[in-house]
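Reviewing the structure listed below.
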Amino acid sequence: MAEIAIKGVAKRFGGFTALHQVDLTIADQEFMVLLGASGCGKTTLLRIVAGLERPSQGEVWIGGRRVDHLPPRERGIAMVFQNYAVFPHLSVFENIAFGLRMKKLPQQEVERRVNRTAELMHIEQLLKRYSGQLSGGQRQRVAVARALAMEPDVILMDEPLSNLDALLRLEMRAELKGVLAASKTTTIYVTHDQVEAMSLADRIAVMHQGRIVQSASPVEVYRNPAARFVGSFIGNPPMNFIPATKAENGSWTVAGLTLSGPKSDKPRIEFAIRPEDVDAGGEGLRATVRVIEPLGPHTLVTCDVEGGLFRAILDSNASVQVGDDLRLAPKPDRIRWFDPETTNAL
Amino acid sequence: MHGKALPYLLLMPATLFLCIFFLYPFALVAFEAVTRDGAFTFDNFRTMAGSWKFPVTVRNTLLLAAIVVPIQLTMALLMASVVSRLETGRSAALYVFAIPLGISDLAAGLIWLAIFDQSGFLNTLLSSLGVVDRPVMFLGYQSKLTIFIAVALAEIWRATAIMMVILVAGMGLIPKEYYEAAEVFGASPWQRFVRITLPLLRPSLQTAIILRVILAFEVFAVVAALGGTNLPVLMGETYNWQFTLQDRNVAAASALLILAISIGFTLFFLRVLRVPKEARI
């Protein structure tokens, strides 16, 4: 059992605040992804859980034990580093065995675990080699095997796939998911890649400027962004935002369309819709087509709506031309509203 | 001009310089060492080895190297670890540590002479504290051990910094991630030093040790200043043969012996601290 609780953790580097009062609980065996742009504090948060960084304030609990004053080796964690950190002076076998040797496990047990994890990661034929003789993907496998061999309660991963080429990344992603689910560890995984986050996570914590903006399941984060940032960061292309002005009896005017929306005493709020949640034709937002990008399964159309950029994903059969005036009808149940001042969802 | 020839052309002057002013005189010395009056002979080596001072000089030189170099290595590693970990004032600390590097070995010997001399700082201090009632002869001909200790101290003081500078540079090349990985996987600070720093520092250790060992066998000025003839060393004997006894051939033989010892130790450390090609960073 290793539930992780992060309570009121803040981190300041000199005058710069990297993390503001972060609270997050990760359930036992949960796969939690910290997602955010570079500099949002996700790696700092991971390093605080690992013990490589000390929080300026707040507490970290792992498995019901307060650990923020403990060195990394007493926290029952294993970690996979962004640059793998496979020791160049040790063979693959000794790299995987490193943590086990530190624990002074008997040789027989060390061999058993190294062989088991090497097999799991398909690197059993590389055990005698050195890091310098491995490809990036193989080093990645060694780094994961080294973490798994510890049979830890918690595995921390810091952008482990970011140095791999696209194809390998896809392959490793699927493999990691399977291996980690089978190992029954609690995982915190840091990435800036939203596709990686969506595909791996049980839950995603979206971070922005040192705060967790939303932590929810991938689908929830995608469908119901808690803040404007989440909608604009997740999704490719991201969510569209259009200013909405107050009309009669609680409805809102959006680009010539009158929609019923949330109650608000503000004169202007923001309307938001995902690119795939509009249909061409009928009654809809007035849009002028600027760019058409056929992508195979569908067509990405970039338009002008109310003087702002609007992206719509249309059926690849849709016959649109640059310069066309379109009507884009938003699916009513997919419309979201945001407060322009707090940027929170309404 | 062809690009391929350019580097060789650029290296030509330095190579020529070394050939004329190093290889040629070296060949002359080697020739002198194995000839006497134009005839090939090993007599020069026999004369050298037959001198009553010879075993003493060899013993002193080896003993000095065997004591000074390990102490310097330990201190340099310690200092380099501390300096590498500094976040501010790192270069200031390096400069301070490196001050003795700017002093010639004779000057270093004289500084320590000023400390240990009969009217030196140490005697002044001891008598003003009332520990002794008259100055002590630290470096007299009867106190060989004190001379030896003084020479060792002066050598350690003078030449530890060069090792430290090399090691600091080497430590800077070890990526921080290795330490973090070792820390996460359970290594204590000492285990990180032994299992990560030392093995990954091998190329720098090699350079530092070889450089220091060679210099240790060439120790001369510091010994001359502090011990005079009371602590004969190989280099001092070579000087004696050349200038006091006016025998160039035996002096050449003696110089060749120092060279042979240096080469021997260099090869030894190259071998022992070799990093296999596949295990390099």
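The alpha carbon centroids of the stretch A:166-193 and the stretch B:138-169 are separated by 57 Å. The angle between the Cα long axis of helix A:107-120 and the longest principal axis of the Cα atoms of chain A comes to about 30 degrees, rounded to the nearest 10.
Selection among B:14, A:123, A:148 by position relative to the dipole of the protein assembly as shown gives B:14 as farthest towards the positive end (Cβ unit charges, Cα centre). In chain B, a dipole from Cβ-located charges (positive for Lys and Arg, negative for Asp and Glu) runs towards its positive end, and of B:5, B:77, B:123 it is B:5 whose Cα lies farthest in that direction. The ranking of B:36, A:223 by Cβ neighbour count inside 10 Å, starting from the fewest, reads A:223, B:36.
To check you understand DSSP bridge types, tell me what percent of the beta bridges within the protein assembly as shown (both residues inside) are antiparallel, rounded to 5.
Values: 60 of 78 bridges.
About 75 percent, rounded to the nearest 5.
Overall shape: oblate for the stretch A:94-134, with the ratio a/c of the largest to smallest alpha carbon gyration tensor axis at 1.5 or above and b/c at least equal to a/b.
Per-residue shielding of B:263-270, expressed as the average number of other chain Cβ atoms within 10 Å of the residue Cβ, stands at 0.
Note on the stretch A:240-338: Rg/Rh from C-alpha atoms, Kirkwood Rh, equals 0.99. In terms of other Cβ atoms within 10 Å, A:69, A:20, A:192, A:89 run from fewest to most in the order A:69, A:20, A:192, A:89. The ranking of B:247, A:23 from fewest to most other beta carbons within 10 Å of each one's beta carbon is A:23, B:247. Converting the Cα gyration tensor eigenvalues of the stretch A:1-148 into ellipsoid dimensions via √(5λ) gives semi-axes, longest first, of 31, 18, 13 Å.
Taking a quarter of the surface of the Cα convex hull of the stretch B:32-181 gives a mean projected area of 15.3 nm². DSSP finds beta bridges in chain A, and of those with both partners inside it, around 75 percent are antiparallel. Comparing A:92, A:4, A:31 along the charge dipole axis of chain A, the residue lying farthest to the positive side is A:92, per the Cβ-charge model. When you work out D = kT/(6 pi eta Rh) for the stretch A:3-52 at 25 °C and 0.890 mPa s, using the Kirkwood radius from C-alpha pairs as Rh and the Stokes-Einstein form, the result is 211 µm²/s.
Across peptide A:87-99, what mean number of C-beta atoms from other chains lies inside 10 Å of a residue's C-beta?
Across A:87-99, the average partner-chain Cβ count within 10 Å equals 4.
For the stretch A:163-272, the alpha-carbon radius of gyration amounts to 1.41 times the rule-of-thumb value 2.2 N^0.38 Å expected for a compact globular protein. Here the stretch B:58-279 is assigned +1 on the Cβ of each Lys and Arg and -1 on the Cβ of each Asp and Glu. Its dipole about the Cα centre then comes out at about 420 debye. Counting, for every residue in B:194-205, the Cβ atoms of other protein chains within 10 Å of its Cβ and taking the mean gives 2. For chain A, the 222 nm mean residue ellipticity estimated from helices alone, with every DSSP H stretch of n ≥ 4 adding -39500 (n - 2.57) and the total spread over all residues, rounds to -7500 deg cm²/dmol. Max-minus-min Cα coordinates of the protein assembly as shown on each principal axis give 117, 72, 53 Å, with the largest extent listed first. Taking the C-alpha atoms only, the angle from helix A:166-183 to the longest principal axis of chain A is near 60 degrees. In the calculated pair-distance distribution of chain A, the portion above 26 angstrom amounts to 57 percent of the Cα-Cα pairs.
Sorting the Cα pairs of the stretch B:12-90 by distance into bins of 10 Å, from 0 upward, gives 14, 18, 21, 26, 14, 5, 1 percent per bin.
Where nothing but the Cβ of Lys and Arg (+1) and of Asp and Glu (-1) is charged, how large is the charge dipole of the stretch A:240-338 around its Cα centre, in debye to the nearest 20?
Dipole size: approximately 360 debye.
Note on the stretch B:56-111: percent of Cα-Cα distances in each 10 Å bin, starting at 0 and stopping at the bin with the largest distance, equals 20, 35, 33, 11, 2. With N counted as the residues of the stretch B:58-279, its alpha-carbon radius of gyration over 2.2 N^0.38 Å works out to 1.20.
Bear in mind that the values in this text are calculations on the coordinates, not laboratory data. Note that the structure is a prediction, hence the values are computed from the model and not measured. No Cβ is skipped: glycine too gets one built from the backbone with ideal geometry, and neighbour counts run over all protein chains shown.
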